[in-house]
1. Under the Karplus relation 6.51 cos²θ - 1.76 cosθ + 1.60, θ = phi - 60°, what is the ordered set of whole-Hz ³J(HN,Hα) values for region 16-22, x standing for Gly and Pro?
2. If each of Lys107 and Lys40 carries a label point 7 Å out from its Cα toward its Cβ, how far apart are those two points in nm?
3. With θ set to phi - 60°, apply the Karplus curve 6.51 cos²θ - 1.76 cosθ + 1.60 along region 6-14 and write out the HN-Hα couplings as whole Hz, x wherever there is a Gly or Pro.
4. Under a plain spin-label model, where a point goes 7 Å from the Cα along Cα-to-Cβ, how far apart in nm are Glu69 and Phe56?
5. Which residues' amide hydrogens lie under 5 Å from the amide hydrogen of Val5, considering only partners 5 or more residues apart or on another chain, with H built in the peptide plane?
6. Could you go through region 70-77 in sequence order and give the Karplus-derived ³J(HN,Hα) for each residue, using 6.51 cos²θ - 1.76 cosθ + 1.60 with θ = phi - 60°, rounded to whole Hz, and x for Gly and Pro?
Amino acid sequence: MRVSVIGGGISGLVSAYALAKEGVEVVLYEKEDYLGGHAKAVVVDGIDLDLEFMAFNPVTSPNMMELFETLGVDMKVSDMSFSVSLDDVHGGEWGSRNGFSSLFSQKKNLLNPRFWHMLWEVTKFKDDVLRYRSCNWGRHLFTAK
């Protein structure tokens, strides 16, 4: 049997790998001049730089971690955090790493109504996602079968 796989991102590469392991002849098509899709790294001044990194962990990506272990891919534990700096909020900045002190990394934001509005929007978005997930259609989209 001969199968074509379109796209050399993580899904295409894993599909091609799994099919080839089963003895299927696989032809992989990729429009870019590199494989990996969003998992792309370049070397700048001798430093590896992830342009579109892929975050994964044992809870949310157990299959990917198993595949990486099978392939002998070197994985490293890292501390992931998130931060925002917005000019249109007049210097509004916050981070997720150190709780309250990062949330209000700029103390003046305690009194900044635009900053509080941004926090309200983030909370509203989280609530909308949770409500969306609770409906049957949302559960179908987000829950693996």
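We did not get these values from a lab; they are worked out from the coordinates using the rules stated. As the structure is a prediction and not an experimental result, all values here were calculated from the model. Note that we place each Cβ from the backbone using ideal geometry, even for glycine, and neighbour counts take in every protein chain shown.
1. 4, 4, 5, 5, 4, 4, 8
2. 4.4
3. 9, x, x, x, 4, 5, x, 5, 5
4. For the pair Glu69/Phe56, the computed spacing is 1.2 nm.
5. For Val5, the qualifying residues are Val27, Leu28, Tyr29.
6. So the Karplus estimates, Gly and Pro as x, are 4, 7, x, 6, 6, 10, 10, 6 Hz.
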